[in-house]
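The values are calculated or read from the model by the stated rules, or taken from the named source; none is laboratory data. The structure displayed is predicted, hence computed values, not measured ones. Glycine also receives a Cβ, built like all others from the backbone with ideal geometry; neighbour counts cover every protein chain displayed. Side chains included, ligands, DNA and RNA excluded: accessible areas come from the protein's heavy atoms. Shrake-Rupley method; radii C 1.70, N 1.55, O 1.52, S 1.80 Å.
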Amino acid sequence: LYSGAFAVAKNLDEDRAISALCPLNTLVDATKLWKPRFAIMSAMRCMRLPPCKLLRVYKKDARHFFHFLKIGHRWNKYMAHPPLKASSDHEERYPVHRGVPMGFTAAAAWAQAYNEAKAVEVNLPRDARLIDSQPPPQSFPIWGSILDDVWALEECNSLEDPPGIGSKWLHDVATAWTNDGVVE
């Protein structure tokens, strides 16, 4: 398979790009991929918060998450872009993704599977998880994950309340990421 390939910068503050991997994605048999299940925020519509309470939000984002999900050598032949022709600045180069490129059809499944494994590793409570195809937890605190984001919501009485269990949950996940070399 030969086609044009390019990458799109996200914005001026980002130092990563999203690759256009449409030709590669057409080669993937999506029926063989693990189906990720994400936190579906609309499911919280039936949860109740007492009028005197506030919701505190905690969120962790693994900024370069996809760069740390390594691809095995067997994938190299699929992850290569067309060669960059030699110029006065460099010899001919053969760019190949070594981490999971954003835009690759399996990236979402692999990223979500990794974070689900980390949640199990740090013992996040399953009954407090907001997840697709399951009724929402009956009360706060709750947590969820979507790709490279993990978040928690908990009740508090005022903004001056000390951090609660949601803070600990996300600290534990961030520590597990750090132990694997993933940077927030």
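Somewhere in segment 156-170, is a residue among the small types (Gly, Ala, Ser), within 17 Å of residue 70 (Cα to Cα), open to solvent by 30 Å² or more (accessible area, probe 1.4 Å) and part of a loop (DSSP other than H, G, I, E, B)? Spell out the reasoning first.
Initially, segment 156-170 is screened for residues among the small types (Gly, Ala, Ser), giving 158, 164, 166-167.
In the following step, the residues that additionally are within 17 Å of residue 70 (Cα to Cα) were identified as none.
No, because not a single residue in segment 156-170 is among the small types (Gly, Ala, Ser), within 17 Å of residue 70 (Cα to Cα), open to solvent by 30 Å² or more (accessible area, probe 1.4 Å) and part of a loop (DSSP other than H, G, I, E, B).
Would you confirm whether any residue within segment 78-85 is loosely packed, with under 13 Cβ neighbours inside 10 Å, modelled with pLDDT of 75 or more, part of a loop (DSSP other than H, G, I, E, B) and on the phi < 0 side of the Ramachandran plot? Scanning segment 78-85, I find at least one residue that is loosely packed, with under 13 Cβ neighbours inside 10 Å, modelled with pLDDT of 75 or more, part of a loop (DSSP other than H, G, I, E, B) and on the phi < 0 side of the Ramachandran plot, so the answer is yes.
Checking the structure you have, find out if any residue of segment 141-153 is open to solvent by 30 Å² or more (accessible area, probe 1.4 Å), under 15 Å from residue 47 (Cα atoms) and not in a strand (DSSP E or B).
yes
Return a yes/no flag: does segment 99-119 have any residue that is open to solvent by 70 Å² or more (accessible area, probe 1.4 Å) and either more than 22 Å from the chain's Cα centre (by Cα) or without any contact (Cβ under 8 Å) to a residue 40 or more places away in the chain (or both). No; the residues of segment 99-119 include none that is open to solvent by 70 Å² or more (accessible area, probe 1.4 Å) and either more than 22 Å from the chain's Cα centre (by Cα) or without any contact (Cβ under 8 Å) to a residue 40 or more places away in the chain (or both).
Just to be sure, is residue 49 over 14 Å from the mean Cα position of the chain (by Cα), in a loop (DSSP other than H, G, I, E, B) and at pLDDT 75 or above?
Values: over 14 Å from the mean Cα position of the chain (by Cα): yes; in a loop (DSSP other than H, G, I, E, B): yes; at pLDDT 75 or above: yes.
Here the answer is yes, as residue 49 does meet what is asked.
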